[in-house]
Structures are given as C-alpha cells and as structure tokens.
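Any read-out appearing in this document is the output of simple, stated calculations on the displayed coordinates, not a laboratory observation. Treat the numbers as computed from the prediction; the structure is a model and nothing was measured.
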Amino acid sequence: MAIDVPKRFSCSWCHEPLTNAIYFCFECPFFILHKKCLDELPTKINHTSYHIHPIFLNRSGSDCLCNLCQKQHSGPFYGCSLCHFNINIGCTLPMSIVEGKSRHQHPFTLFRRRGSFICDACGIEGNSISYICLKCYIEVHKKCTSLPRIIKFSRHDHCIFHKYFLEDLTRQDCKICFKEVRLEHGSYSCGKLGCNYVVHVNCVLEDDKLYEVIEDEKQCEVWCIQMWKVHICFGFWMLNITTFSSSQN
C-alpha cells in the first residue's frame, strides 16, 4: 500500500531516509520502501566504479555481498553475472559527504577510484570506492566512516580507543588473533597509561555482543570506578574465604 506520509525510518532496500510517497506491508510493518525504489529503479545502469559491463537489476530477493561497502544485503541489487560483481541499491548513489563528529572530527568525502587501497581505519584492503578526510589525509571504507571511537570490550578491563596509527610502540600482536598489528593503520588500543593492549579493528568488532559503544569518554571513568569497586569486593570476599578456611584448620 502506498501513502504520502514521511516516516522516521529508512528504506528497506536503499537504506536512505524515507521521504515523500512510500510503500509498506500490513503484515510486515518494518518493511517500508520508497515509491521510487519499487516503481522507478532502472533495469540496467552503468556505474562509475565498474566499467567492464553494464550491471542489471536483480529482484530475486536473495542475499548478496556488496562489492563496494563489503556488507551483506538482502533485497534487490545490481550485478554482473559474468564477473560476479554486485552492488546494493544504496551504494549505487552513495552519499558524497559523511559527517559524524562523535566518530571522526572531520567530514569524509566520497572518493571514486579504480583499483585497490588499504583502509587507514582498519588496515584491510578495499576496492573501487572509498571516503577520504581531506584534513587528516586518510582513506577508509564506507563502513569505516562510522567506526565507534571508544568501546568497552568484555575481555579487557579498560576502555579501548580507535586510532588511525600508533606512536611510540614497537611491534604489537593482536590480543585476539595473535597476528601482527600494523601500527601505521587503524586499530583499537587501551587508553590506560602503561597498558599495551592492542587489537585489530575487525577482530574486536566481529561480535557485537562482546563490546559496548562508549559515546562519552567520561563513561570510561564511571565504568573504571565500578570495576574498581567490584575488584575490592572480590578481594574482601577472597580474604574472608581464606580466613575462614584457616580457622577451620
């Protein structure tokens, strides 16, 4: 059913904010589409990031891995069956500017290129399309424009911070996969003085159940105080257990 009331949701296909006329499903209330995505998508396009063949609209509904944003998507996509090259609907017209000061202090600008690059945020190779910060001289994947700046990882006692490169450190191995962390590329490291805890971006963010995004650095101080209290309580409990055991002997 089509209606003309804008919603505070995003389109289930292109993932852009909903404006103007939309379609929604009575039985699946969270499945909402732009009218243009359902009725007006061209069946064939030539995309600036892929110059070998035209790419065709595929409405099969099967999942696909987008070659641009490197994410798994469901719903229609554009693809070349000969080259196994796929682009989700949203990436056919990516945003030219990405801003989010809670993640990075400057805006990222869309940079179309042919060929591969190493993402300065995560250290993993990317291809075809990237975003650059003109002030910091860094180049990142689309998905890495929104990396959380601070997280609390369940397997470490302190908050860890995302940094695009690490200074004053010699060779470091990731504390999760135990492989070398390239210090000239992005990683997460502990903010506590004297703690050399360093992990790869993709290793620590692989399971979102194992970390919590910290929006304000002051939250780290609160969390550390809480953990300090837990350690103190645990210490007293162990002391009481030891004292009780000694008295029984």
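Taking 20 Å as the limit for the C-alpha separation, the pairs K142/K192; K163/K218; K175/K209; K71/K142 exceed it in the case of K142/K192. The H on the amide N of G75, modeled in the peptide plane, is under 5 Å from the matching H of G61, S62, each at least 5 residues off or on a different chain.
Karplus-derived 3J(HN,Hα) values for the stretch 207-214, using 6.51 cos²θ - 1.76 cosθ + 1.60 with θ = phi - 60°, are 10, 6, 7, 9, 9, 10, 6, 9 Hz; glycine and proline are entered as x.
Per-residue Karplus couplings for the stretch 76-88, computed as 6.51 cos²θ - 1.76 cosθ + 1.60 with θ equal to phi - 60°, are listed in order as x, 8, 9, x, 10, 5, 6, 9, 6, 10, 10, 9, 6 Hz, Gly and Pro entered as x. Close amide H pairs (under 5 Å, H built 1.01 Å from N) link I138 with C133, residues at least 5 positions away or on another chain.
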